[in-house]
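First comes the structure, then the notes that go with it.
All of the numbers you see were taken from the coordinates with simple rules; none came from a lab. Keep in mind that this is a model prediction, so the values were computed, not measured. Cβ sites come from the backbone with ideal geometry, for glycine too, and all protein chains shown count toward neighbours.
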Amino acid sequence: QVQLVESGGGLVQAGGSLRLSCAASGTIRSINDMGWYRQAPGNQRELVVMSTGSGGKRYTDSVKGRFTIVRDNAKNTVFLKINSLKAEGTDVYSCNAEVVSSVSALRYNFWGQGTPVTVST
């Protein structure tokens, strides 16, 4: 089994910044796509950014230029640098990864439990 563990969420003032991290562990042969989604209460979960296995990065338009994903393949970890937060409220940021199992060599999709980011005035 594979676990994705997020950290770094918390309370931040509007206009502030923070960094999220997601570390994958378990029966991992390799990781293809790995990135972040977010969801506000009552809203649909949306893609924030995905780092593809081929080296590409796709950001949702609303975060381009403000959010940056950094991937450390040696540690099976991704970081999300978040700058210039503006919307008041709480979004839960969840890590997502497509993992190739070291047991079966098959691909599986995993989710972290999420880390909340609260923006205050």
_Share of Cα-Cα pairs in the stretch 55-108 lying beyond 16 Å, as whole percent_ = 58 percent
*With point charges of +1 on the Cβ of Lys and Arg and -1 on the Cβ of Asp and Glu, referenced to the Cα centre of the chain, which listed residue (Val103, Asn32, Gly114) lies farthest in the positive direction of the dipole?*
Asn32
_Report the gain in length on full extension from Lys86 to Ser101: 0.36 nm times residue separation, minus Cα-Cα distance, nm rounded to one decimal._
1.5 nm
*Give me the compactness ratio for the chain, meaning the Cα radius of gyration over 2.2 N^0.38 Å.*
1.05
*Which longest uninterrupted range of the chain lacks any trypsin sites (Lys or Arg not before Pro) assigned by DSSP to a loop state (not H, G, I, E or B) and surrounded by at most 12 other Cβ atoms within 10 Å?*
1-63
*Return the distance in nm (one decimal) between the two label points of a simple spin-label model at Asn43 and Lys75, each offset 7 Å from Cα along Cα→Cβ.*
2.9 nm
*Assuming 1.002 mPa s and 20 °C, estimate D for the stretch 6-55 with Stokes-Einstein, Rh taken as the Kirkwood radius over Cα pairs, in µm²/s.*
161 µm²/s
